[in-house]
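Input: a single structure, listed below in C-alpha cells.
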Amino acid sequence: MSSSDSSITQDRDQPAAGGGSETLRSAATARLLGAEPGAEFAQFVDTTLARYTELNDQQQTAFLESLIAHSQPRQRWYMLHRLPSLLLRDFLTLLPAEIVEHMLSYVDGASLLRCCQVCHAWNRIISGLPALWRQKCHLLGTRTDLGSIDLEAVGGWKELFLCTQRTLWRMKTRQAFEKVSLKLPAEHGGKVIALDHHGDQLVAASELSQLFVWRLSEEQCVLTFSVFLHISCLKFTQGKFVVCGHYNGQLSSYDISDTAGDPERAERLQERLRRAASPDEPEERSEAAARLLRRFWVHSGPVFCLDYSEELDILVSGSADNTVKIFSLSSGLLLNTLPRHSHWVVRVLLRTGLQLSPAADAPPGRLLLTMTRDEIQVFEVENCPPWLGAEPFKSLRTPRLTVPLAETQRPQPGMHIPFFTPGCHLHGDLVTFVRQSPPTNNKISTASIVQYSLRHRSLSTRIVVSFKVKKLLAIGRRYAILLAPYAQESCPNLYFVNLNTKEVIASEKVPHSRLSTPDAAQLAMGELGWLDGFDGEPPEGGLIAAMGTELSRERCCRLLQYGLLACLLPPLLNHAALQTERQHLRTHVVLDSPAGLSSDVWLAVLPRLSELTRTCVFDRPGLGFSDRPMPPGERDRQLPGLSPPAYTAGGTVADLHRLLIQVAPQPLPLVYVGAGLGALNARLYAHLYPSEVSDLVLVAPMTEELLADGGPWLRHVHGRLLAPLQTLHVAAATGLTRLMLMFGLMEAPLSEAAELLGEEAVNRQKHLMCHPRHASTVVDEHHFLNETAAQLRQAGLLRPLPAGRPTVTVITGDRHDGSLPAALNDAWAAAARAAGGKLETIADADGVALPYLRPEQLATKIRRVARERRTRLGQRDEPAAAEGQAAAAAEGRTAAAGGQSAASA
C-alpha cells in the first residue's frame, strides 16, 4: 500500500479541523495528494467539489455512479475498504463504558443475551457490566441482596441471570412441576378437608376424623390415627404436635413425636398407648386418647383458622361466632377474647419481630392480624419482659389499625358487594390481600393484589390481574401464587405473578377442590423461600391440593352423576313449577299483634290458618326477639327515604314493606290482619301501598278517633297506662321483675291462655317481661300512639283508598276489655262500628283477647275472608266445600253460645 493509504489509516478517526466546506475540501485534497499536492490538481479538485455541492440529490447520485464506472480496480478496492469505516461505525466499541451501560439499560434481558452472540468484542463489553446484569436480575425476580448470594460460586450476575432465565423457561413450559399423588390408606376412606406442611412432613385430615402424617421424601404415610371430632383446620410442628380446629367450636392438640425419629420421645408415647389400651374401647379411640395433649374450649361456632407460636406459648383461633380467642398453648387456659368482628373470622396471623412505628429505632414487637370478609384488624402487643409471659395478650382490646378489604368501607344501598377472596399474608410490614371487582358492562371480573404498608398506613403496591382469583396462596418479595376458579381440564388455574413486572410468568393446572372452609383449609403450600427471588438454585416445594382417595373412579363417578342428573332433572323441574304455581295461587296472610304484645298472641291462630294459606307473623322492632330500631342517623344512612320515626305506624309499615318486597319477597297482594295497634298499621299499609293489600281484617281495632285530643282513651293511655309501663321498664332493668315472677307476685301476659298457647309461650313472655329492651319498646309504642294517629289522618287526606279496594272486615267481641270502665268500652265499640267495612262480633268475648282466648272462631272468620278473596280473583280452591261446611259448623256453635248469629250481629 502507498504512503497515501497509511495516511488515511492514521487519520480516519480524527475529527475535522473546521466546520466549513472549504476546510473539508482542502483536507480531502491533502489526503489524496500526499504531502506535496500539485497546485493545478488541487485547484481542479476544489472546483469539482464546489460544482458537486451545487447539484441536487439525483444529479449527485448520477455523478457518483459515473465516477465509480470510470474508476480503475485499484480505486474500487480502495472504496470497498474505506466506506465501511466511514458509514458502519461500531459505537459500542467506541463509546465510554458508562454511556454503553446507560444505553443497554433500556434493552431487555433476552435481547442482551442475543447481543452477546454478535461478536467477541460485544460479548466482552456486555459481560463486563455487572451493574447492568444486576438490574436485569432484579427485574427478572432474582434476589439482589449480596449478603444472600455467593457471586463467585454462581459465576457473576450474568450467570445468575442465565440460571433464573432457564428456571422461568422451565416453569413457563411446565417442565419444572412434578405431580405426586399421595393416596389415603385403603382402610380409611373419605375426602381430605384440611392440610398443612412443615419441613419434610405433611399432615392431612379426612372427613372421617382421621389424621395422616406423610414423610414427603419417602412418599410414605408414617402415622394414622383417629380423633374425637370432625376437623375443620389444622397446623403442626414437624415431629412435635398438631393443633386441630373442630366444627363444634373446640380445639385440640395431639402428640406426633414418634414421627421425629427420637427414640426416647417415641418410647414415652408408646407407653401412653399401652396404658390407654382398653378392651372396651376401639383401638383408634384409645390411641386418640393417648395422643391427646390438650383441649381448648369456648367457641360457639366452627373454628375456621388458627395460628400459634411456640416461642410465645400462645394459640390464636378464629371462628364463625365472630370472635378471636387467645389461649395458652401449653396449659390451654383462655387468656382473652376479641369480639369486635363484623363477620366470620377466616384468617388469623401471629408474628413476632415486627413493629408498626415508623421510627427507625423502635424495638421490634408482636402483631396479631385477623381477617373477615370486610376488613383486616391489626393488634399490636406491647413489648414486655420475658418473665411477664402472656400478660400482654390479656390486655388486648381494640385494634391498632383497621384495613378495609373493599374500595369503600361501607357499600351504599343498591351497590353490588364485591367478592370476598380468601388469603392474607404478612411479609415485613406489608400485609397483602386481594380485592375483587364484580363484572360490569359485559366485562369479566378482575382482581387486584393489594399490598398495604402497616408502618406508613398507606397503599404500597397494587397489581391488577385479568382473571378472577379464588385465593391468594402465597406471596414473597418477588413472586406471588394465585389460585383461580377451576374452569375445565385443559385450562390452568394456578398462576405465578412477577411483582416487579406485574406479569404472569407461568401457569399450571391443579385438580379441582371445593373450599372446605372460607380460607380453603384443604390447600397447603410447601417451602416458599424462592418467592423472595431465585438465588441460582432451582426452587423446591409447591402447592398441595386435597383430592379424593379413589382417583381411578373419578371418571366413572362423573358419568354416574350426569346420568342421575339426566334422570332426575325432569321430575325436579316439574316439582319446582308446581311449587311456584301453588305459591301464586295461595293467599298470603300477615298477622300483626296488639300494642306491647309479641307474636305469641297468634300461636293458637297460626296452625289453623296455615292449613289453608301461607301465613306470616312478625314482631315489630324491639318487641319479642326483634332487634331495636336503628338510631336515626344510622337508619337514614342504611334506609334512605324512610323518614317516619321508629315505634310509630309509619316506621313499622316501612320496615314491613322492605321485609316483604326486598329482603324476603312474598306473593302479593296479601291479606293484612291487625289486632289493636296492628289494625292502625294495617290501614296505613293499605293507604301507602294499595296495590299490595287485597283485604284488611281488623280485630278489636284501635282507630285514630279513639286517640283524638281530649278523648277518654288518650287520657287513659297517658294518665293510667304509661306510668305503670315505665315502672315495669325500670323493674326489668334492675331485675325486680324476675324476682316478683319467681315469688309469684306477678303474672306474665297470656298466662290465662296457657292451655291453648303452651307452657313454652308463657315462659317466653316471662323472659320478655324481664328484658329491658322489650319493656322499653312497650313504653315507646304507647307513648307515640298520638303520632301514629296523626299519620293515619294525614294518609287519609293525602292518599285516600281507592273505591272497593281493599275490602275491610272488622271482628270484635261484646266489649273491648271487661276490666276497663264502661265508658272506655263504649267508646271502643263506637270506634269499631265507625271503622267501615263488614262488622262481625264474637259473642261473650273480650275483643282484646280474641287471638289467644277465642282462636278457633277468629281463625274461621279469617279463613272465610281468604276464600272470598280467592273467589274474587277467580282462583279455584278444591277444599272450599269442606272448608265452608267447617266454617258453617263453627258459626253455628258461636251463635248457640252467644244467643245470636255472628252474621246478624
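Values computed for the structure shown
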read-out: Test: residue in region 140-148 that is crowded, with 19+ Cβ neighbours inside 10 Å and either aromatic (F, W, Y) or at pLDDT 85 or above (or both); value: no
read-out: Qualifying positions in region 823-842 - surrounded by 15 or more Cβ atoms within 10 Å (Cβ to Cβ), of a type outside the set (D, E) and in a strand (DSSP E or B); value: L839, T841, I842
read-out: Looking only at region 325-337, and only at residues there that are of a type in the set (S, T, Y) and either without any contact (Cβ under 8 Å) to a residue 40 or more places away in the chain or not in a strand (DSSP E or B) (or both), the one that is most open to solvent (accessible area, probe 1.4 Å); value: S330
read-out: Test result for Y254, among the hydroxyl-bearing types (S, T, Y) and open to solvent by less than 10 Å² (accessible area, probe 1.4 Å); value: yes
read-out: Residue pairs meeting the criteria (Cβ under 6 Å; at least 6 apart or on separate chains; first under 11 Å from V431 (Cβ atoms), in region 449-476; second charged (D, E, K, R)); value: V450/R435; V450/R462; S453/D429; L454/D429; R455/D429
read-out: Residue, farthest from R773 (Cα to Cα), within region 739-755, restricted to residues that are surrounded by 16 or more Cβ atoms within 10 Å (Cβ to Cβ) and in contact (Cβ under 8 Å) with a residue 24 or more places away in the chain; value: A753
read-out: From H687, H729, residue being surrounded by fewer than 23 Cβ atoms within 10 Å (Cβ to Cβ) and within 16 Å of H783 (Cα to Cα); value: H729
read-out: Scan of region 204-239 for residues that are among the charged types (D, E, K, R) and either closer than 16 Å to L523 by Cβ or open to solvent by less than 50 Å² (accessible area, probe 1.4 Å) (or both), ordered by number; value: E207, K235
read-out: In region 605-620, the residues that are touching a helix residue (DSSP H, G or I) at 6+ places or on another chain (Cβ under 6 Å) and under 18 Å from L768 (Cβ atoms); value: V617, D619, R620
read-out: Selection from region 466-476 of residues that are crowded, with 16+ Cβ neighbours inside 10 Å and either closer than 20 Å to G533 by Cβ or out of contact with any Leu (no Cβ under 7 Å at 6 or more places or on another chain) (or both); value: F467, K468, L472, L473, A474, I475, G476
read-out: All positions within region 758-791 that are touching a His at 6+ places or on another chain (Cβ under 8 Å) and touching a residue at least 60 places away in the same chain (Cβ under 8 Å); value: L768, S776, V778
read-out: Pair list, Cβ under 9 Å, 6 or more apart: region 843-856 residue surrounded by fewer than 22 Cβ atoms within 10 Å (Cβ to Cβ), other residue among the acidic types (D, E); value: A843/D814; D844/D814; D846/D814; D846/D817; A849/E752; A849/D817; L853/E752; L853/D846
read-out: Members of region 778-806 that are open to solvent by less than 50 Å² (accessible area, probe 1.4 Å) and either within 26 Å of E692 (Cα to Cα) or touching a Lys or Arg at 6+ places or on another chain (Cβ under 7 Å) (or both); value: E781, L785, T788, A789, A790, Q791, L792, A795, G796, P806
read-out: Identity of the residue in region 105-127, part of a helix (DSSP H, G or I) and touching a Phe, Trp or Tyr at 6+ places or on another chain (Cβ under 7 Å), that ends up least open to solvent (accessible area, probe 1.4 Å); value: G109
read-out: Residue within region 815-822 that is surrounded by fewer than 17 Cβ atoms within 10 Å (Cβ to Cβ) and part of a helix (DSSP H, G or I) present; value: yes
read-out: Any hit, region 310-324, residues being open to solvent by 10 Å² or more (accessible area, probe 1.4 Å), out of contact with any Gly (no Cβ under 8 Å at 6 or more places or on another chain) and in a strand (DSSP E or B); value: no
read-out: Some residue of region 63-73 being modelled with pLDDT under 90, under 30 Å from D90 (Cα atoms), open to solvent by 60 Å² or more (accessible area, probe 1.4 Å) and not in a helix (DSSP H, G or I); value: no
read-out: Number of the condition not met by A723 [criteria: (1) more than 47 Å from the chain's Cα centre (by Cα); (2) part of a helix (DSSP H, G or I); (3) surrounded by 16 or more Cβ atoms within 10 Å (Cβ to Cβ); (4) modelled with pLDDT of 85 or more]; value: (3)
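Residues checked against (1) modelled with pLDDT under 80; (2) over 21 Å from L315 (Cα atoms); (3) not in a strand (DSSP E or B):
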| position | (1), (2), (3) |
| --- | --- |
| V180 | yes, yes, yes |
| P185 | yes, yes, yes |
| H188 | yes, yes, yes |
| T224 | no, yes, no |
| L234 | no, no, no |
| G245 | no, no, no |
| R265 | yes, yes, yes |
| Q270 | yes, yes, yes |
| P279 | yes, yes, yes |
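The values are calculated or read from the model by the stated rules, or taken from the named source; none is laboratory data. None of the values given here were measured: they were computed from a predicted structure. Backbone-built Cβ (ideal geometry, glycine too); neighbour counts: all protein chains shown. Protein only, heavy atoms only, side chains kept; ligands, DNA and RNA dropped before computing areas. Shrake-Rupley method; radii C 1.70, N 1.55, O 1.52, S 1.80 Å.
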